[in-house]
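Structure first, commentary second.
The values are calculated or read from the model by the stated rules, or taken from the named source; none is laboratory data. Just so you know, these numbers come straight off a predicted model, no measurement behind them. All Cβ positions, glycine included, derive from the backbone under ideal geometry; neighbour counts span all protein chains shown.
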């Protein structure tokens, strides 16, 4: 760890005292200095300084493991590697489900089913291992106040009617879902920092943050100078803390994201200013203007965030009733799409209409275009009615 | 012998004392001897002896350099270098087009940087290389081991296992088609377990752990002398947040680059780094460029950029001292990176030619 104090790195007492006079107390301070500076502050010769460097590095460096050891550890406990989503075709392509130990992001236009999916996953995580769950508690960080406990019970009751046959089982399940309402970036970051202790004390097996984008976009106006850097800083810090927690405890982390409009001549950043209300109208530009400013709707929060998440699932509209779930980025799965509808029991895959896997398609996950409701509605209305264009939403 | 006292690698306090006492060259120090030295500047005899030993070693090193001796110097003629380069192996990537534009594969003793947008295949290629470096020599490989330093947490053991299985199967097909003694012998030790056990994995959570690990790498490589590949997956990630002092970042990155170059040369291994792309704002437009700034571009010898063109993945050789700039399309299959539009059909054995000969030029030997 970077903030390890030098005396725990097994350096001699007088050396630590001497270094603390120069304000060098942690391994981080020590390793950031150049060799000449180190010679000056420690008063040692070149060779001794190199030996000291090696000692301090030993204190900070990670432990080595071979890939074989990792595989053996995985195979001892195969169920602990994934959380099945109970959408069977999706699970098959993802080699088991939502991977444990990494970040999974869910992006979609408003109203597509993100929160429904998150609620379903919360139920699944509390199920016993024999039914494909993780038999643990869930931390649900809600920034949009969209979580509905009644819907939770409805999904649980309809999806697993045989298991949740008594009120007591339902109460037991709801008791293990810990809901936190955080409304600012700072409080979200503080909550993420406190996760480590909560996971140990409450035996948490799943973390859901719904949604990251809403707090970030509320507070950071990228038009203002310097805000973009601060925003990326916040996101990167949050991502690395979550990754640490996910890997340390080997649990899945699900984050949700919103959409933004990206103008294809490269102006992704000014387009981020566009409020969600405008997103819908701008997306129609794709069919209209052609060359100059064809806009497309993509995942928000920028390029760097797309690097930080390991798996990205996109939910989008297909037509009035059905929607699509797209695997846009995954280290184990190729690009694939599935159709689903939202029903009483949560998300249900339309197995019959699944496209065969298209391993050659798909594009940059940061720029993957997403279909919003307007285009879907517009198409549906044009097909079904003969109304004049004035009645349909004007472009 | 005429070396100035101020340039010797002694501790600063000692140096200051020597200069204050009037010593100017190393020769003077050696003539005085430990007892005389300790009396003159007021240090203990043991300290004086230590200092003289350092001075003697430095002067011996200098003498060797000026006399054109061997050992610590890295001097040779271009002819020797040519012979060395020609016998040197490449680490193949199993994608013939990519190997072609690289001039045979990933070169040993050089730093190769792979930049790309998220999800384009950088980690896949790194995992592929970590498996391919272990291919035995009789199949055209380098028979080495791999160090995988992961900063982003994107290494998936299952995926690495898939790639390793495919590689073993490929080698088995070659061995079956061309029944040779050494092939079968090599195959005995080339299995999924052995491949995975020779990938040494380090998970670095921040830049301090990364720096510490790179400081310790030379010792590790001396212990595991068969390592021929060092992969750092995600060199940009730990340096991109929490750094208010950009000049410190540049200094640390430069130091890192220097150490990696030394490691690549001394241990005859290839170093592969992956970098992220970042958005740079021009006048009215923004474009994606490799992260970590302009000065980082000098660190790597060979630079590959992976990008998208609508739905097709492309790899561009952006910087190379020996190959021409070019772009090829590629795809990621279940088993490995593959040149676009060529699907491998691994047929049953009993063929006079290697069934997978379409995928790699070296196989055409068989």
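Some points to look at:
- Residues that are farther than 25 Å from residue A:30 by Cβ, within 11 Å of another protein chain (Cβ to nearest Cβ) and either in contact (Cβ under 8 Å) with a residue 12 or more places away in the chain or not in a strand (DSSP E or B) (or both), drawn from region B:255-279: B:274, B:275, B:276, B:277, B:278
- Checked against (1) part of a helix (DSSP H, G or I); (2) out of contact with any helix residue (DSSP H, G or I) (no Cβ under 6 Å at 6 or more places or on another chain); (3) within 11 Å of another protein chain (Cβ to nearest Cβ); (4) modelled with pLDDT under 85, residue A:58 meets all criteria but (4).
- Lone unmet requirement of (1) at pLDDT 80 or above; (2) within 29 Å of residue B:161 (Cβ to Cβ); (3) within 11 Å of chain A (Cβ to nearest Cβ) for residue B:291: (2)
- Selection within region B:271-283 - under 22 Å from residue B:143 (Cα atoms) and touching a helix residue (DSSP H, G or I) at 6+ places or on another chain (Cβ under 7 Å): B:271, B:272
- For the condition assigned to a helix (DSSP H, G or I), within 30 Å of residue A:311 (Cβ to Cβ) and touching a helix residue (DSSP H, G or I) at 6+ places or on another chain (Cβ under 6 Å), residue B:124 does not qualify.
- Top-ranked residue in region A:41-55 [being within 7 Å of chain B (Cβ to nearest Cβ) and within 43 Å of the chain's Cα centre (by Cα); ranked as nearest to residue B:220 (Cα to Cα)]: A:54
- When the residues of region A:187-203 are filtered to those that are without any contact (Cβ under 8 Å) to a residue 12 or more places away in the chain and within 19 Å of residue A:214 (Cβ to Cβ), the one that is surrounded by the most Cβ atoms within 10 Å (Cβ to Cβ) is A:187.
- In region A:61-80, the qualifying residues are those that are touching a helix residue (DSSP H, G or I) at 6+ places or on another chain (Cβ under 6 Å) and outside any helix (DSSP H, G or I), and the one that is farthest from residue B:6 (Cα to Cα) is A:66.
- Of all residue pairs spaced 6 or more apart or on separate chains, those with beta-carbon atoms under 6 Å, a first member in region B:38-51 that is farther than 19 Å from residue B:24 by Cα and a second member that is in a helix (DSSP H, G or I) are B:45/B:34; B:45/B:38.
- Entirely in region B:17-119, the helices (runs of 4 or more DSSP H) that have 1 or more residues that are closer than 30 Å to residue B:315 by Cβ and at pLDDT 85 or above: B:96-102
- Filter result for residue A:207 (in a loop (DSSP other than H, G, I, E, B) and either touching a strand residue (DSSP E or B) at 6+ places or on another chain (Cβ under 8 Å) or in contact (Cβ under 8 Å) with a residue 12 or more places away in the chain (or both)): no
- Listed by position, the strands (runs of 3 or more DSSP E) contained in region A:234-310 that have at least 3 residues being facing another protein chain (nearest Cβ under 10 Å), modelled with pLDDT of 50 or more and in contact with a helix residue (DSSP H, G or I) (Cβ under 9 Å, 6 or more places away or on another chain) form an empty set.
- Candidates A:107, A:184, filtered to the one that is crowded, with 20+ Cβ neighbours inside 10 Å and touching a helix residue (DSSP H, G or I) at 6+ places or on another chain (Cβ under 9 Å): A:107
- Matching residues in region B:223-241 - criterion: being surrounded by fewer than 18 Cβ atoms within 10 Å (Cβ to Cβ) and in contact (Cβ under 8 Å) with a residue 12 or more places away in the chain: B:224, B:225, B:226
- Answer from B:198, B:170, B:178 - the residue that is in contact (Cβ under 8 Å) with a residue 40 or more places away in the chain, away from chain A (no Cβ under 14 Å) and buried (at least 18 other Cβ atoms within 10 Å of the Cβ): B:170
- If only residues of region A:322-334 that are assigned to a loop (DSSP other than H, G, I, E, B) and in contact with a strand residue (DSSP E or B) (Cβ under 6 Å, 6 or more places away or on another chain) are counted, the one that is farthest from the other protein chains (Cβ to nearest Cβ) is A:322.
- Residue list for region B:219-254, filter: closer than 14 Å to residue B:292 by Cα and assigned to a helix (DSSP H, G or I): B:237, B:238, B:239, B:246, B:247, B:248, B:249, B:250, B:251, B:252, B:253, B:254
- Scan of region B:8-28 for residues that are within 14 Å of chain A (Cβ to nearest Cβ) and surrounded by 15 or more Cβ atoms within 10 Å (Cβ to Cβ), ordered by number: B:8, B:9, B:10, B:11, B:12, B:14, B:15, B:17, B:18
- Every condition in (1) surrounded by 22 or more Cβ atoms within 10 Å (Cβ to Cβ); (2) farther than 27 Å from residue B:118 by Cα; (3) more than 10 Å from chain A (Cβ to nearest Cβ) holds for residue B:217 except the one numbered (3).
- Complete set of residues in region A:81-125 that are within 27 Å of residue A:171 (Cα to Cα), in a strand (DSSP E or B) and away from chain B (no Cβ under 14 Å): A:83
- Scanning region A:311-323 for residues that are free of Cβ contacts under 8 Å to residues at least 40 places away in the same chain and out of contact with any helix residue (DSSP H, G or I) (no Cβ under 8 Å at 6 or more places or on another chain) turns up just one, A:321.
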